[in-house]
1. Going by amide H atoms built from the backbone, whose H comes under 5 Å of the H on THR102, apart from near neighbours?
2. For ASN175, what residues show an amide H to amide H distance below 5 Å, using hydrogens built from the backbone and excluding near sequence neighbours?
3. How many angstrom separate the Cα center of segment 94-127 from the Cα center of segment 9-33?
4. Search the structure for amide H atoms under 5 Å from the amide H of ASN159, placed 1.01 Å from N in the peptide plane, and list their residues when 5 or more places away or on another chain.
5. I want the local charge near THR185. Using Cβ-Cβ distances under 13 Å, sum +1 for each Lys or Arg and -1 for each Asp or Glu among the other residues.
6. How about LYS130: which lysines have a C-alpha closer than 23 Å to its C-alpha, ignoring those fewer than 8 places off in the same chain?
7. Of the options ALA282, SER267, SER202, report the single residue whose Cα projects farthest towards the positive end of the charge dipole of segment 196-302 (beta-carbon charges: Lys, Arg +1; Asp, Glu -1).
8. For the charge dipole of the chain, defined by +1 on Lys and Arg C-beta atoms and -1 on Asp and Glu C-beta atoms about the Cα centroid, which residue among THR253, SER19, PHE106 has the Cα displaced farthest towards the positive pole?
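Just so it is clear, none of the values below were taken in a lab; they were calculated from the coordinates. Because the structure is a prediction, the values reported are computed rather than measured. Neighbour counts run over all protein chains shown; Cβ positions are idealised from the backbone, glycine included.
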Amino acid sequence: MDILILGGAGQVGTELQASRHWGAGVTLVAPTRTELDVTDATAVARIFTERTIGAVVNAAAYTAVDKAESEVVEAWRLNALAPAILAAETARRGIPLVHVSTDYVFDGAASGAYAPDAPIRPTSVYGASKAAGEMAVRTANPRHAILRTAWVVSPHRGNFVKTMLRLAAERDALNVVNDQRGCPTSAADLAAALADIALRLSADSDAPTGTHHFVNAGATTWHGFAQAIVAGSAARGGRSVPVNGIPTSAYPTPARRPANSELSTESLTKAYGLAPRPWQAALDDILDRLVGPAHHSAEAQS
């Protein structure tokens, strides 16, 4: 069986292609942007005539949150039009579609973790375009699974962990926002969940569908996350610097960030039996790959 992966060059796409969760007998088809324009309906239709696709995982997206405020059309092309084309084409052929979305569909004003059925109120172009993409998938292909995620990090591409490691090596102190709260998420863990769901949908026409959340367990602030990154790096021989908390108002950005990005994964566990591990454990794995294994004292080893 062939599984079509879109957005294969990104953090999640890279981990999707490396994941061991696919098992034997699965061939991953991951065309590059130059090989397949996901906003071209004719090109998208063509790939389904060339391959026997069992399921599609769409991790392709315009993710430059701040640039989206000025590159509105491009953001909507990739985040709304492309999912609409994919949903229509997969529905026409009876193929399940697994689609990655974001916490930015919420306004961040809730006091607790967002459930998948919480009202969406995006406050940025990025969030609005991703919300539209969700709607396109939801309305066009009944055999869909939408996984919203947040604060995705990995050893690949640009992300918060790699930025903090670079800045800690360059600066004597870091200033990080302490009034935005969310759930760090390993791209590898998310990819494993996406693979499991895609395989389930392709094998079972009665498999659960709908919208769910995947983030690693536990919540923190960007400041708390940065502290954990620096401490974890220091335990592996990296440079330790102070991490100071600052308010969002001290770090203005073109796009408004949700103050609360906590996402509940309860429905995911009920539907698919997937229970994400704590974000701290996921961070350890990433730091092991980026910095090296943690140093243990002789006393701890004895």
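1. Under 5 Å from the amide H of THR102: THR149.
2. Hits under the 5 Å cutoff: ASN244.
3. Cα centroid of segment 94-127 versus Cα centroid of segment 9-33: 24 Å apart.
4. When sequence neighbours closer than 5 places are left aside, there are no close amide H contacts.
5. On the way: positive: ARG148, ARG277; negative: GLU15, ASP103, ASP189, GLU262, ASP285.
Net local charge, THR185 excluded: -3.
6. Partners within reach: LYS67.
7. The one lying farthest along the dipole's positive direction is ALA282.
8. Toward the positive end, the furthest listed residue is THR253.
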